[in-house]
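Notes follow the structure.
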Amino acid sequence: MAEMNDGAPRQRKWNGSAYEPDPELWIQLGKRKPEEICYRALASYDSEQGFSLNVLNQVFQILPQSRSIVPLYSNVTCIRSFELDLVVLTYLLKARAVELRGDMVSEKDLPGGEAFFRGPHKLNTLPLERKFGENREAFVAVGERLNGTVRDLGQAAVCLPVLPRVPVTLILWEKDDEFPAQITVTFDSTVSLHLPLDIIWAAVDVASRWMTLAG
């Protein structure tokens, strides 16, 4: 993923709960003006508490000085992972101050997406299909629990606020006698302005695992 800045993979360090992302991301974050980051990413900042960023139904503190990302609530679904930290840091660094366009596109409609999102980079929807493939009611209920908005698409659909400028819509088609369950994913077409393709993949992976745990 986007932890390779000079062509060579870096050794991931374990911080007790998740592998740490490339320290260069923290260095870049420390060089930026907090007010600029907040404006672009729709985050908030306090000199002592660092950045605060909404991710699904959780709020994270991002502390550049200690290079840590801390969930604020203990009573909501939350999975700490290398992918989550990478998504959060990349979003803070790359998000742009643009409004949603309101047009839905698939991952393969994104620039370069047709070639990228295949094989090992196919979006990780299998856990959701296994868990909710015969239970659209549970799928919708869990989506709402993660602050999602129900959409009239497929047999059931929820739009998840994965990041403030990155909504992700999951569309469920239940299993039947002829076809297995399927979940398709759509994005606002602005998503590629905020995240590169590999981090879009990671963001969907985080949302998929979070929904599976919440269910």
Evaluate E = 1/(1 + (r/R0)^6) for residue 198 and residue 100, where r is the Cβ-Cβ distance and R0 equals 22 Å; express this FRET efficiency to the nearest 0.05. 0.50
Sites removed, the longest contiguous part of the chain containing no DSSP-loop GluC sites (Glu not before Pro) with at most 15 other Cβ within 10 Å is 49-98
Can you compute the charge dipole magnitude of the chain about its Cα centre, using +1 on each Lys and Arg Cβ and -1 on each Asp and Glu Cβ, nothing else charged? Give it in debye, rounded to the nearest 20. 540
Across the chain, where is the longest run that never hits trypsin sites (Lys or Arg not before Pro) in a DSSP loop with at most 12 other C-beta atoms within 10 Å? 123-215
Using only Cα atoms, find the angle between the long axis of helix 82-94 and the longest principal axis of the chain, and express it within 0 to 90 degrees, rounded to the nearest 10. 70
FRET E, pair residue 213, residue 118, Förster distance 25 Å, beta-carbon r, rounded to 0.05: 0.40
Per the helix-only model, the chain has a calculated mean residue ellipticity at 222 nm (DSSP H runs of ≥4, -39500 (n - 2.57) each, divided over all residues, rounded to the nearest 500) of -9500 deg cm²/dmol
Rank the residues 205, 188, 177 as a footprinting-exposure proxy: fewest other Cβ atoms within 10 Å of their Cβ go first. 177, 205, 188
List 121, 194 from most exposed to least, where exposure is judged by having the fewest other Cβ atoms within 10 Å. 121, 194
Choose one of 59, 30, 44: the residue whose Cα lies farthest towards the positive end of the charge dipole of segment 23-94 (beta-carbon charges +1 Lys, Arg; -1 Asp, Glu; about the Cα centre). 30
Write down the Å³ per residue value for the convex hull defined by the alpha carbon atoms of the chain. 127
Simple label model, 7 Å out from Cα along Cβ direction - residue 75 to residue 54, nm: 1.9
For the Cα atoms of the chain, what angle does the longest principal axis make with the long axis of helix 136-145, in degrees from 0 to 90, nearest 10? 20
Per 5 angstrom bin, beginning at 0 and ending with the bin that holds the maximum distance, the Cα pairs of segment 150-210 fall in percents of 4, 17, 27, 23, 15, 9, 4, 1, 0
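Each value in this text was obtained by applying a stated rule to the coordinates, not by laboratory testing. Since this is a predicted model, take the numbers as computed values, not measurements. All Cβ positions, glycine included, derive from the backbone under ideal geometry; neighbour counts span all protein chains shown.
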